[in-house]
Amino acid sequence: RVSRDTTPDWAALLRRVAETQDNDAFAALFAHFGPRVKAYLMKSGADAASAEECAQDVMVTVWRKAGQFDQGRASAATWIFTIARNRRIDMLRRDKRPDPEDLPWGPEAEPDQEDALALQQETAQLTKALRALPEAQRSMIERAYFADLSHSEIADVTGLPLGTIKSRIRLALERLRHSLN
Amino acid sequence: MSMITHHLSDKLLMAYSAGTLPEAFNLVVATHISVCDACRATLAGFDAVGGALLDDDCATMGADCLANVMARIKSGAATTKPEARPSDAVLPAPLVDAIGGGLDRVQWRAVGGGVRQAILKTSDKASARLLHIPAGAAVPDHGHHGLELTLVLQGAFHDEDARFARGDVEIATQDTQHTPIAEPGQDCICLAATDAPLKFRAILPRLAQPFLRI
Ligand SMILES: [Zn+2]
Ligand SMILES: [Zn+2]
């Protein structure tokens, strides 16, 4: 498992890709997330060759959509997970999964620095808490995300520490809605 | 928005985040989240769980992968902007996408008792339909072999257990036997999805079932 002590600021690197098409920033993101996306796709049932192919597609999408990343609403890992998940659904020809209507992206939707920092910390706490879960519960959650447990097989996920992250994101959504009205 | 009282379950939101729901249920979840910030925030939490799991394990990538990706990036379109997705006053964007237009584009078919339905095209693991129930009318008393999600888009209905208005989702399971009745005043429009045929008590709907595909 990966040490968190020297974690680079992935969100800042994504911003550099979006704003100045910074190749070095992208190379750092690629070195970290490319192998992780490939591992995720393999655990979801893809063979190594197609997982590597699709991981490259995902990283191309990361470059192209970097400007849509909002660090007030997700961490870099969370955002890249959603791109990889969508690619996995296409690749394994799973059921179509429409996205919800997004909140409009106005010029006011500039991420709040304080929100972004707090969300980062809470995401790190969630990661820690996930690692500290009893093995049986953690493996149930992994199987739900990777090995395709069907929705009826997913047990109730009580004990997952989602509370603070949820209220943080809700605050950010309320602020965003307010700025749009 | 703050009026929604019946939400999606954590189980459904987690499965939607993981990407393992049948298409018909995905459509209900995406539509509910379009109008519900509480479930939108819970979903973001489950996406964060996915991000944490993604971050925890890695495979080895070929040495030329980065160069391949850079070549594709330089030769393709620079960036993509989010497209504006149309919606209307009753139908959030995921439904407008599924129908290929607004409420005026829905191809309704009468199913008896003044109730009309339109079956939406999804994978066959579960079915999705729009229901139009005249104000005051009832859907026949029925039980369920599997899971049924009913999301209210306009008007309101109640059954033996509770009242459901715009944005509310009723989650019915094998244990639920109910007769939803639309409230007087406004016709009720719902999106309903189920992964098993309904069980009707009365003989007539049971005979009609193969034709109505409910
Ligand atoms: Zn909700
Ligand atoms: Zn029912």
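Brief remarks on what is shown
- Site pair A:ALA132 and A:ASP156 shows an inter-label distance of 2.3 nm when each label is modelled 7 Å from Cα along Cα→Cβ.
- In chain A, the calculated helix contribution to ellipticity at 222 nm averages -21000 deg cm²/dmol per residue, counting -39,500 (n - 2.57) for every DSSP H run with n ≥ 4.
- Value of relative contact order over chain A, rounded to a whole percent, pairs C-alpha under 8 Å and six or more apart: 22
- Within the accessible surface of chain B, defined with a 1.4 Å probe on protein heavy atoms only, the carbon and sulfur portion equals 55 percent.
- For the protein assembly as shown, the Kirkwood estimate of the hydrodynamic radius, built from every pair of different alpha carbons, is 22.3 Å.
- When Rg and the Kirkwood Rh are both derived from Cα coordinates, the Rg/Rh ratio for the range A:1-60 amounts to 1.03.
- The stretch between A:GLN121 and A:THR61, if pulled fully straight at 0.36 nm per residue, gains 19.0 nm over its current Cα-Cα span.
- Solvent-accessible area, 1.4 Å probe, carbon plus sulfur percent, for chain A: 50
- Our estimate of slack between B:GLN107 and B:GLN154, defined as 0.36 nm per intervening residue step minus the Cα-Cα distance, is 15.2 nm.
- Partner lysines for B:LYS11 [C-alpha distance under 17 Å; skip if fewer than 8 residues away on the same chain]: A:LYS166
- When chains B and A come together, the accessible area they lose, probed at 1.4 Å and totalled over both chains, is close to 6300 Å².
- Alpha carbon convex hull of chain B, volume per residue in cubic angstrom: 160
- Within the straight-line cut-off of under 20 Å between alpha carbons, the aspartates and glutamates reachable from B:LYS74 are A:GLU19, A:ASP22, A:ASP24, A:GLU52, A:GLU53, A:ASP57, B:ASP64, sequence neighbours fewer than 8 places apart in one chain being disregarded.
- Computed [θ] at 222 nm, deg cm²/dmol, chain B (DSSP H ≥ 4; -39,500 (n - 2.57); rounded to nearest 500): -9500 deg cm²/dmol
- Take the Cα of B:ASP64, step 7 Å toward its Cβ, do the same at B:VAL90, and the gap between the two points is 5.6 nm.
- Hz values of 3J(HN,Hα) by residue in the range B:102-113 - Karplus curve (6.51, -1.76, 1.60), Gly and Pro given as x: x, 4, 5, 8, 5, 9, 6, 10, 5, 10, x, x
- Judged by the gyration tensor of its Cα atoms, with axes a ≥ b ≥ c, the range B:1-101 is oblate; a/c meets the 1.5 cut and b/c is at least as large as a/b.
- For the range B:33-75 versus the range A:119-181, the inter-centroid distance based on Cα atoms is 15 Å.
- Probe 1.4 Å, accessible area per residue of the protein assembly as shown, Å²: 46
- Distance (nanometres) between label positions extended 7 Å along Cα→Cβ at A:ALA12 and B:GLN174: 5.5
- A rounded overall shape is assigned to chain A, the ratio a/c of its alpha-carbon gyration tensor axes (a ≥ b ≥ c) being less than 1.5.
- Straight-line reach from B:LYS121: taking Cα to Cα under 18 Å and skipping same-chain neighbours fewer than 8 places apart, the aspartates and glutamates in range are A:ASP90, A:ASP95, A:ASP99, B:GLU23, B:ASP97, B:ASP104, B:GLU148, B:ASP195.
The values are calculated or read from the model by the stated rules, or taken from the named source; none is laboratory data. Predicted model only: the values in this text are computed from it and were never measured. Positions of Cβ are generated from backbone atoms using ideal geometry, with glycine treated the same way; all protein chains shown enter the neighbour counts. SASA here: full protein model, heavy atoms, side chains in, ligands and nucleic acids out. Shrake-Rupley method; radii C 1.70, N 1.55, O 1.52, S 1.80 Å.
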